[in-house]
Amino acid sequence: MLQTFKKKLCKILCSKKKPREVVIVYPFNTKTKELLLIEEYIHHYKKSFWKFVSGGVDKNDKDLITHAREELAEEVALESENLYHVYSAPKIFGNRGTHFYVAENPITMKHPPKNPDTDEILNHKWVNQEQFQKMLDVKELLWDEATMVALQLFRKYK
């Protein structure tokens, strides 16, 4: 009974962290029709996952495209002159708002910033649409909104 009371009291008094919005960046080579994926070890899950360059929007003084540029630089040491917004998923049903960007023909940075994240990038690879689909088929990638946006990018650059 005391435990139930504490939970109810905490719901009322405890401050809740507002879920951060997220940016997802797709480095895309328009000549080879390939998309860059990263394998990241996420300490919270004690597991690695193949995923897209992404990060939380955690700096109030910066806009979304600046966050996207920073994630691209920090996670994979790339930059692109052609980075632009593709789609935004609204925050519904408790999900975080997600903003999707494509970085066309990115190049390697000479002096990339240090990645402040505690999770580790273990590997990365460029994949074409066929390889991407195979990763989905064997469940190396999860079907979600981010993979559907990636599939749309493959269609766009076909």
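Determine whether the range 135-149 contains at least one residue that is within 19 Å of ASP58 (Cβ to Cβ), in a loop (DSSP other than H, G, I, E, B) and within 17 Å of the chain's Cα centre (by Cα). No: the range 135-149 contains no residue that is within 19 Å of ASP58 (Cβ to Cβ), in a loop (DSSP other than H, G, I, E, B) and within 17 Å of the chain's Cα centre (by Cα). For the range 106-127, the condition of being in contact with a Lys or Arg (Cβ under 8 Å, 6 or more places away or on another chain) and over 15 Å from GLU21 (Cα atoms) holds for none of the residues. If the condition is being among the acidic types (Asp, Glu), surrounded by fewer than 19 Cβ atoms within 10 Å (Cβ to Cβ) and closer than 18 Å to VAL149 by Cβ, then the range 17-64 contributes only GLU21. Being in a strand (DSSP E or B), polar (S, T, N, Q) and within 18 Å of ARG20 (Cβ to Cβ) is the filter here; which residues of the range 43-89 pass it? Within the range 43-89, SER54, SER88 qualify. Of the residues making up the range 104-125, those that are under 18 Å from the mean Cα position of the chain (by Cα), assigned to a loop (DSSP other than H, G, I, E, B) and not polar (S, T, N, Q) number 6.
Of the residues PRO116, PRO90, PRO112, the single one that is more than 30 Å from LYS158 (Cα to Cα) and loosely packed, with under 13 Cβ neighbours inside 10 Å is PRO116. Looking only at residues in the range 65-76 that are touching a residue at least 24 places away in the same chain (Cβ under 8 Å) and either surrounded by fewer than 18 Cβ atoms within 10 Å (Cβ to Cβ) or in contact with a Lys or Arg (Cβ under 8 Å, 6 or more places away or on another chain) (or both), the one that is nearest to ARG155 (Cα to Cα) is ILE65.
Set side by side, the residues LYS62, LYS31, LYS6 differ, and just one is at pLDDT below 95 and out of contact with any helix residue (DSSP H, G or I) (no Cβ under 8 Å at 6 or more places or on another chain), which is LYS6. The residues of the range 50-106 that are over 26 Å from GLN131 (Cα atoms) and acidic (Asp, Glu), listed by number, are ASP58, ASP61, ASP63, GLU70, GLU81.
Among the residues of this structure, TYR101 counts as one that is surrounded by 13 or more Cβ atoms within 10 Å (Cβ to Cβ), hydroxyl-bearing (Ser, Thr, Tyr) and either touching a His at 6+ places or on another chain (Cβ under 6 Å) or in a strand (DSSP E or B) (or both).
The values are calculated or read from the model by the stated rules, or taken from the named source; none is laboratory data. Predicted model only: the values in this text are computed from it and were never measured. Every residue, glycine as well, gets a Cβ built from its backbone with ideal geometry; the counts of neighbours run over all protein chains shown.
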